[in-house]
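Below is one structure, written out as structure tokens; comments come after it.
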Amino acid sequence: MNYDSYNEVLDYLNVFFNERVNSSIYLEKLMTLIEGSRSEKTVMIRAIYETYMQYVKQNRDGIKVCAGEKEMWIDLLHHWQ
């Protein structure tokens, strides 16, 4: 993924969340943030990250961190904040 391309980042996050988020409420919130980012031609990474972390906190037992996920979030936060 090219971190400089907001479209690539948003496309990646779209797939990532569709594969990992089982809550329709949180998935809708995340998709709304992604589409809002796309219309603003940026990545609202702080809001996206905080929403995903709320989901993770509420569903801690059913979520496994995949390889490279922590580094991905660090890189995205560093690049788009």
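The values are calculated or read from the model by the stated rules, or taken from the named source; none is laboratory data. Owing to the predicted nature of the structure, the values given are computational and were not obtained by experimental measurement. Cβ coordinates were reconstructed from backbone atoms using ideal geometry, including for glycine residues, and neighbour counts include every protein chain displayed. The area values use the complete protein model at the heavy-atom level, side chains included, leaving out ligands, DNA and RNA. Shrake-Rupley method; radii C 1.70, N 1.55, O 1.52, S 1.80 Å.
Efficiency by 1/(1 + (r/R0)^6): what FRET value for K41 and E69, r their Cβ-Cβ distance, R0 = 30 Å, to the nearest 0.05? After rounding to 0.05, the efficiency reads 0.70.
The list [x] 1.24; [y] 1.02; [z] 1.39 gives values of Cα Rg over 2.2 N^0.38 Å, and only one came from this structure; which label was calculated from it? Among [x] 1.24; [y] 1.02; [z] 1.39, the one calculated here is [y]. Express in Å², to the nearest 10, the accessible area of S39 obtained by rolling a 1.4 Å probe over the protein heavy atoms while all chains stay in place. Accessible area, nearest 10 Å²: 90 Å². Here the chain is assigned +1 on the Cβ of each Lys and Arg and -1 on the Cβ of each Asp and Glu. Its dipole about the Cα centre then comes out at about 280 debye.
The phi-based Karplus calculation (6.51 cos²θ - 1.76 cosθ + 1.60; θ = phi - 60°) puts the 3J(HN,Hα) values of segment 55-63 at 4, 4, 4, 6, 10, 3, 5, x, 10 Hz, whole numbers, x for Gly and Pro.
Counted residue by residue at 0.36 nm each, then reduced by the alpha carbon distance between them, the extension gain from N59 to D4 reaches 16.7 nm. Quick one: longest stretch of the chain between exposed loop trypsin sites (Lys or Arg not before Pro), exposed meaning at most 10 other C-beta atoms within 10 Å and loop per DSSP? Longest gap between qualifying sites, sites excluded: 1-40.
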